[in-house]
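Enquirer: I have a structure here, written as structure tokens, and I will follow up with some questions on it.
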Amino acid sequence: MYDIDKIRDDFPILKTKMNGKRLIYLDNAATTQKPQQVISAIVDYYSNYNSNIHRGLYKISEKATQKYSESKEIFAKFINANSIEEIIYTKNTTEAINLIALTYGEKIIKEHDHILISEAEHHSNLIPWMQLAKRKKAHLDYIKLNEQKSGLDIESLKEQMEKKPKITAIFHASNVLGTINNIKDISKLAHKNNSSILIDGAQSIPNIKIDIKDIDCDFFVCSSHKMLGPAGIGILFAKKSILADMPPLFSGGDMIKVVNKYSCAWNDLPWKFESGTQNIEGAIGFRIAIDYINKIGVEKIRKYEKDLMKYFLEQTNNIKNIEVFGPKNIDERVGIASFEIKNIHPHDIAYIFDKQGIAIRAGHHCAMPLVSELSKEKALARISFYIYNTKQEIDESIKAINKVKNIFKIE
Amino acid sequence: MSYDLYAEKIISCYEHPHNKGQIKDANAKFREHNMVCGDDITVYIKVKNNLINDAKFTGNGCAISIASASLITDYIKNKKVDEIEKLDLNKIKELLGIDPGPARMKCATLALIAIKHALKNYLTK
């Protein structure tokens with residue numbers, strides 16, 4: 001049983017008003033809201049055991065250190081990783097990808113090598129590779145969109161793999177189209193071609209069960225703030241065998257074992273990649289967010305999200321002059337839907353939604369190559385759902401769409 | 001609930017903007033983006049004897065950015081170049097007939113910013 005009322009009660013922000021109306025938050029692909037449990041955990045840390053980790057020989061520091069480690073243990077279990085040695089906390093998903101590009105990528109990419117990404121990547125999984133390719137005079141290759149522009153072209157993927165890329169970096173779920181990639185098959189194909197593979201899971205992990213052993217990717221990156229946790233915590237999973245040989249990106253405090261005047265020894269995994277004081281309250285809050293997701297169950301979340309998406313697609317199907325992008329089959333997409341209303345700029349759509357108390361995103365969604373392919377305005381409006389949204393809120397969105405069309409006198 | 005921002009005047013400017021197109025022999029030109037929503041406007045200006053002889057624009061944008069581009073390109077024609085430097089958000093508000101508010105400020109001032117850049121480049125050439 002999915003107790004929506006109980007879930008909604010846990011999110012204090014859902015009681016706020018925006019422009020005089022009850023907030024309807026439909027920008028979850030940008031960031032999700034936080035349950036009271038997460039907020040309270042952060043307050044509890046600062047109120048009762050604020051201290052630095054890995055240092056203090058006193059009770060509250062022991063507790064903070066333990067809570068920080070526990071956060072990683074819970075996350076490692078959440079994605080079925082072997083141990084916390086494979087889990088590195090970063091600032092966000094972008095930093096996690098940069099860390100790989102600047103250490104592992106820097107080491108293995110040589111002149112004329114190939115790096116493979118797709119036309120539908122978020123800028124965070126594009127620019128670090130573009131920069132690496134430039135530095136090394138390597139080739140940056142793109143897997144093309146399919147003909148319907150609803151996802152990636154499988155033939156193009158196979159063709160590009162024949163160039164034997166050293167690194168393949170690809171999204172799990174698109175932040176624009178919502179499309180889910182079959183990352184298990186892609187990982188297998190990459191490995192068959194001796195390519196290492198990075199999966200950008202920022203939009204998939206909030207609602208799709210991740211089993212890292214089953215996927216068998218080398219790197220998996222995501223963010224706490226898109227899955228009920230605080231901002232400022234990104235996660236990099238990397239296979240231990242790769243991490244062991246990887247040089248650290250940042251050096252300084254906490255990432256070393258022994259230091260003398262002219263040399264030092266790196267700390268054990270994963271600490272060698274976490275220099276300086278970390279985002280302790282972020283890690284503590286993130287752990288509670290995972291607990292919250294686990295309590296509902298990822299499978300239930302996925303089912304609920306599919307119901308919402310099905311309803312949204314049905315409702316918009318009856319409206320003239322609107323185009324919703326992405327796959328028609330709800331099994332192939334997460335709860336993200338970008339759309340266009342004929343002759344109306346997405347920014348105007350988002351503005352009129354805002355006046356109705358509905359938060360949606362409009363713009364290029366940090367995926368300019370993809371959005372430029374989809375829209376001549378180079379911008380789209382986007383609705384994205386999470387666990388606390390309801391069909392009633394979708395009804396309100398449909399009313400807002402009709403309001404937009406009335407104002408602009410569109411049929 | 002107020003929809004002043006989408007008053008008849010603005011919608012009509014958006015649907016039938018003035019000065020849409022290029023000026024072939026423009027002597028000042030500038031392209032400006034609004035990263036938030038993807039507005040992308042290029043302005044073309046023809047300066048003659050220190051007067052704005054003609055002003056046009058091309059590009060895509062939301063209703064507010066297109067309406068203000070339409071209104072401001074109309075407004076600057078036959079004005080002296082140094083008068084343009086003094087224009088700011090207040091002039092845009094006056095032309096639109098409403099205050100666009102902080103969220104739409106960049107949209108509303110996009111064309112004016114592009115015009116100022118274009119003229120600055122022209123003067124330092």
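The numbers here are math on the coordinates, done by the rules we state, and not lab data. These numbers come from a predicted model, not from an experiment. Every residue, glycine as well, gets a Cβ built from its backbone with ideal geometry; the counts of neighbours run over all protein chains shown.
Enquirer: For chain A, go through all pairs of different Cα atoms, get the mean of 1/r, take its inverse, and jot down that Kirkwood value in Å.
Expert: Taking every pair of different Cα atoms in chain A, averaging 1/r and inverting gives 22.4 Å.
Enquirer: For peptide A:372-381, what's the mean number of Cβ atoms from other chains within 10 Å of each residue's Cβ?
Expert: Averaged over the peptide's residues, the number is 3.
Enquirer: Residues of the stretch A:374-403 with backbone nitrogen within less than 13 Å of a virtual label 7 Å along the Cα-to-Cβ line of A:ILE319, please, listed as ranges.
Expert: Hits in the stretch A:374-403 for A:ILE319 at 13 Å: A:381-384, A:393-403.
Enquirer: Going by amide H atoms built from the backbone, whose H comes under 5 Å of the H on A:CYS264, apart from near neighbours?
Expert: Placed amide hydrogens put nothing under 5 Å from A:CYS264.
Enquirer: Can you give me the angle between helix A:346-355 and the longest principal axis of chain A, using Cα atoms only, in degrees from 0 to 90, rounded to the nearest 10?
Expert: The helix A:346-355 is inclined about 80 degrees to chain A.
Enquirer: A further question on this structure: If you plug each phi of the stretch A:204-218 into the Karplus form 6.51 cos²θ - 1.76 cosθ + 1.60 with θ = phi - 60°, what whole-Hz ³J(HN,Hα) values come out, in order, with x for Gly and Pro?
Expert: Working through the residues one at a time gives 9, 4, x, 9, 10, 4, 9, 10, 5, 5, 5, 5, 6, 8, 8 Hz.
Enquirer: If the chain between B:LEU89 and B:ASP74 were fully stretched, how many nm would it gain, using 0.36 nm times the residue separation less the Cα-Cα distance?
Expert: 3.8 nm
Enquirer: Taking a ≥ b ≥ c as the square roots of the eigenvalues of the Cα gyration tensor of the stretch A:220-265, is the shape rounded (a/c under 1.5), prolate (a/b larger than b/c) or oblate?
Expert: oblate
Enquirer: For the stretch A:60-74, in order, what is each residue's ³J(HN,Hα) by Karplus, 6.51 cos²θ - 1.76 cosθ + 1.60 with θ = phi - 60°, in whole Hz (x at glycine and Pro)?
Expert: Karplus-based 3J(HN,Hα) across the stretch A:60-74 equals 5, 6, 4, 5, 4, 4, 5, 5, 5, 5, 4, 4, 5, 4, 5 Hz.
Enquirer: Something else about it: With 30 Å as the limit, write out which pairs from A:LYS67/A:LYS272; A:LYS107/A:LYS261; A:LYS15/B:LYS9; A:LYS134/A:LYS158; A:LYS164/A:LYS184; A:LYS134/B:LYS125 have Cα-Cα distances beyond it, or answer none.
Expert: Pairs exceeding 30 Å: A:LYS15/B:LYS9; A:LYS134/B:LYS125.
Enquirer: While we're looking at this one, here's another question. Please list A:173-184, B:38-49 highest first by mean number of surrounding beta-carbon atoms within 10 Å per residue.
Expert: Packing proxy ranking, top to bottom: A:173-184, B:38-49.
Enquirer: I need the phi-derived Karplus couplings for the stretch A:105-121: 6.51 cos²θ - 1.76 cosθ + 1.60, θ = phi - 60°, integer Hz, Gly and Pro marked x.
Expert: Karplus-based 3J(HN,Hα) across the stretch A:105-121 equals x, 4, 6, 9, 7, 10, 3, 6, 5, 10, 10, 10, 10, 10, 6, 10, 6 Hz.
Enquirer: Would you work out the charge dipole size for the stretch A:39-294 about its Cα centre, treating the Cβ of every Lys and Arg as +1 and the Cβ of every Asp and Glu as -1, and quote it to the nearest 20 debye?
Expert: Here the size comes out at about 540 debye.
Enquirer: How large is the Kirkwood hydrodynamic radius of the stretch A:151-219, counting all unique pairs of alpha carbons, in Å?
Expert: 12.2
Enquirer: Starting from the Cα of A:ASP44, step 7 Å toward the Cβ, then list every residue of the stretch A:67-101 with an amide N under 12 Å from that point.
Expert: Inside the label zone: A:67.
Enquirer: Just check the stretch A:95-135 against the gyration tensor rule for me: Cα atoms, a ≥ b ≥ c as the square roots of the eigenvalues, rounded for a/c under 1.5, and otherwise prolate or oblate depending on whether a/b exceeds b/c. Before the final figure, lay out each step's value.
Expert: On the way: a/c = 2.18, a/b = 1.25, b/c = 1.74.
Here the stretch A:95-135 falls in the oblate category.
Enquirer: For peptide A:355-361, compute the average count of partner chain beta-carbon atoms within 10 Å of each residue's beta-carbon.
Expert: 1
Enquirer: Calculate, for B:ASN27 and B:ALA103, the FRET efficiency according to 1/(1 + (r/R0)^6) with r their C-beta to C-beta distance and R0 41 Å; round to the nearest 0.05.
Expert: 0.75
Enquirer: If I model a spin label as a point 7 Å beyond the Cα along the Cα-Cβ vector, how far apart are those points for A:ASN329 and A:ARG22 in nm?
Expert: 3.7
Enquirer: Here is a follow-up. Would you pull out the residues with amide H under 5 Å of B:ALA28's amide H, same chain only if 5 or more places away, H placed 1.01 Å from N?
Expert: Those qualifying (amide H under 5 Å, at least 5 residues apart or on another chain) are B:ILE45, B:VAL47.
Enquirer: Compute the length gained on full extension between A:TYR142 and A:ILE242: take 0.36 nm times their separation in residues and subtract their Cα-Cα distance, giving the result in nm to one decimal. All intermediate terms of the calculation are to be shown ahead of the outcome.
Expert: Working: separation 100, 0.36 × 100 = 36.00 nm, distance 2.48 nm.
Here the segment from A:TYR142 to A:ILE242 would lengthen by 33.5 nm.
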